[in-house]
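Colleague: Here it is, the structure in full.
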Ligand code: CA
């Protein structure tokens, strides 16, 4: 049974979340400030955190930073009223595994919490090398940068050149936002795809490629997230 720490200063919301997670047979512990949460994390092991940002005293971001330096691999889901793009990017770049804004749908929160915990159980990001060629492995995905090929769970992925370039960019910056302009610039810097010379390289084309790549990565736990208004991010498994 996974134990979740909920850090939330709204007592009503804290009660509701606690009840919901207990119904799903999670162990739950709670804190209403960063100081309380830090003390609790030093005394007890948990499997994940649901973290409010607007807390009395220290901001929730301080707990995120603390957890990132003190507890390796602990998944953190931010649940906050701060819905600006900059806030989301700040939270994700500071190492949050997911970011949900209030008001939220309880079922979506549950689904994303479960997905986050599943990803946390996958093997961590590792740099691998085989036969002297540099490769990268993220969970079930293995990239061979020299041959521009990728495999999922050991099965070769059938990727077009543009799909490969997009995937490599996302993998190289796993856990960070890759902007649309980054991808388009990388595409424009490389030769056109055979037989695809007429296809314009723009945001619409990018959406199509992201959609195809998601389908090829499905049903692995790898998740290409839309970061609204900015671009995409391959979530760390
Ligand atoms: Ca709050």
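Colleague: Condition first: over 18 Å from the mean Cα position of the chain (by Cα), more than 16 Å from the ligand (Cβ to nearest atom) and touching a residue at least 24 places away in the same chain (Cβ under 8 Å). Can you find one or more residues in segment 62-69 that meet it?
Modeller: Checking segment 62-69: at least one residue is over 18 Å from the mean Cα position of the chain (by Cα), more than 16 Å from the ligand (Cβ to nearest atom) and touching a residue at least 24 places away in the same chain (Cβ under 8 Å).
Colleague: Further, regarding this structure: With within 15 Å of the ligand (Cβ to nearest atom), under 28 Å from residue 177 (Cβ atoms) and not assigned by TED's automatic domain parsing to the domain that holds residue 224 as the only criterion, which of 85, 46, 76, 7 stands out?
Modeller: 7
Colleague: Can you spot a residue in segment 187-203 that is at pLDDT below 85, outside any loop (DSSP other than H, G, I, E, B) and closer than 29 Å to residue 91 by Cβ?
Modeller: Yes - at least one qualifying residue is present in segment 187-203.
Colleague: Residues of segment 3-24 being farther than 19 Å from residue 63 by Cβ and part of a loop (DSSP other than H, G, I, E, B), which ones?
Modeller: Within segment 3-24, just 24 meets the criteria.
Colleague: Let me ask something else about it. May I ask you to list the residues in segment 42-78 that are farther than 22 Å from residue 104 by Cβ, in contact with a strand residue (DSSP E or B) (Cβ under 9 Å, 6 or more places away or on another chain) and surrounded by 15 or more Cβ atoms within 10 Å (Cβ to Cβ)?
Modeller: 68
Colleague: How many residues, within segment 44-59, are touching a helix residue (DSSP H, G or I) at 6+ places or on another chain (Cβ under 9 Å) and either free of Cβ contacts under 8 Å to residues at least 40 places away in the same chain or within 14 Å of residue 30 (Cβ to Cβ) (or both)?
Modeller: The total comes to 11.
Colleague: So residue 46 ticks every box in (1) part of a loop (DSSP other than H, G, I, E, B); (2) farther than 23 Å from residue 236 by Cβ but one. Which box is left unticked?
Modeller: Tallying (1) part of a loop (DSSP other than H, G, I, E, B); (2) farther than 23 Å from residue 236 by Cβ, residue 46 fails exactly one: (2).
Colleague: Could you list, in sequence order, all residues of segment 135-157 that are without any contact (Cβ under 8 Å) to a residue 60 or more places away in the chain and out of contact with any strand residue (DSSP E or B) (no Cβ under 9 Å at 6 or more places or on another chain)?
Modeller: Across segment 135-157, the qualifying residues are 148, 155.
Colleague: Restricting the first residue to segment 3-14 and requiring it to be farther than 12 Å from residue 78 by Cα, which pairs with a second residue that is within 11 Å of the ligand (Cβ to nearest atom) meet a Cβ separation below 6 Å and a spacing of at least six or different chains?
Modeller: Matching pairs, first to second residue: 9/32; 9/55; 9/56; 14/8.
Colleague: Let me ask another. Within segment 88-118, track down each residue that is free of Cβ contacts under 8 Å to residues at least 12 places away in the same chain, under 23 Å from residue 229 (Cα atoms) and not in a loop (DSSP other than H, G, I, E, B).
Modeller: 108 - this is the single residue of segment 88-118 that is free of Cβ contacts under 8 Å to residues at least 12 places away in the same chain, under 23 Å from residue 229 (Cα atoms) and not in a loop (DSSP other than H, G, I, E, B).
The values are calculated or read from the model by the stated rules, or taken from the named source; none is laboratory data. This is a predicted model, so every value here is computed, not measured. Neighbour counts run over all protein chains shown; Cβ positions are idealised from the backbone, glycine included.
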